[in-house]
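To start, the structure itself, in structure tokens.
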Amino acid sequence: MGEENVTPTPTPPEGDKTGNDNQPKMVLESDLIAAKRGLQTKVDELTTQLTDSQSKSDGHYQSNLKNEQEVTRLTAELKEAEKLWHELEGERTAHGQLKESTNKLQKQLLDAHVANLAGKYGVPAEKLEGKTIEQLAVMEEALQLAGIKPSGSYDGSAGGGGADKPMTSFEKMVAGLSKGELPVVKGSKGAD
């Protein structure tokens, strides 16, 4: 048998696609550098966007913290204002009650002055209507300065001293004072 000349099968050059797919592909260095620069530019853009986004986010976060603190402060002030409002309403109610009581007492005092002048000096009660306490006090002083003496039958009661109506302690005291007697206080010397 003779020797046969066998020519080896040529292997495709590296980077040639015609051969085996498992072979590494060759890329030019300039292409790699250009791709790296493009990717680096994209990374830089994304990093800048991320930094801007974070700074905006931090600003919004700080703003939100300030807003939350302001809401907390205003809520506390609102609660204090509501508390003060309720106290004020209580004071208004108390003031209204005091005013009503004062008006009632002033009316009683005015009626007592009218009854006193009507009973003591015989001034008709109709002529005394509509007068203030101060005006009635001035009238009584004027009557006294004019030398007009109280009528002797007046005992200090609003009813002119009728026997069917007992005198109150106040009326007894007024009657005693008008006669020049000093009232006796229980527990003091000279008391029963």
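The values are calculated or read from the model by the stated rules, or taken from the named source; none is laboratory data. On a predicted model such as this, the values are computed, not experimentally measured, just so you know. Cβ: placed from backbone, ideal geometry, glycine included. Neighbour counts: every protein chain shown.
Quick look at the numbers
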item: Test: residue in region 89-103 that is over 30 Å from Thr132 (Cβ atoms) and modelled with pLDDT of 90 or more; result: yes
item: Test for Val43: is it under 38 Å from the mean Cα position of the chain (by Cα) and either modelled with pLDDT of 80 or more or outside any helix (DSSP H, G or I) (or both); result: no
item: Lone qualifier among Ala125, Ala112 - being surrounded by 13 or more Cβ atoms within 10 Å (Cβ to Cβ), at pLDDT below 85 and within 53 Å of the chain's Cα centre (by Cα); result: Ala125
item: Conditions (1) modelled with pLDDT of 90 or more; (2) at positive phi: number failed by Val71; result: (2)
item: Identity of the residue in region 104-117, free of Cβ contacts under 8 Å to residues at least 40 places away in the same chain and of a type outside the set (A, V, I, L, M, F, W, C), that ends up farthest from Leu128 (Cα to Cα); result: Lys104
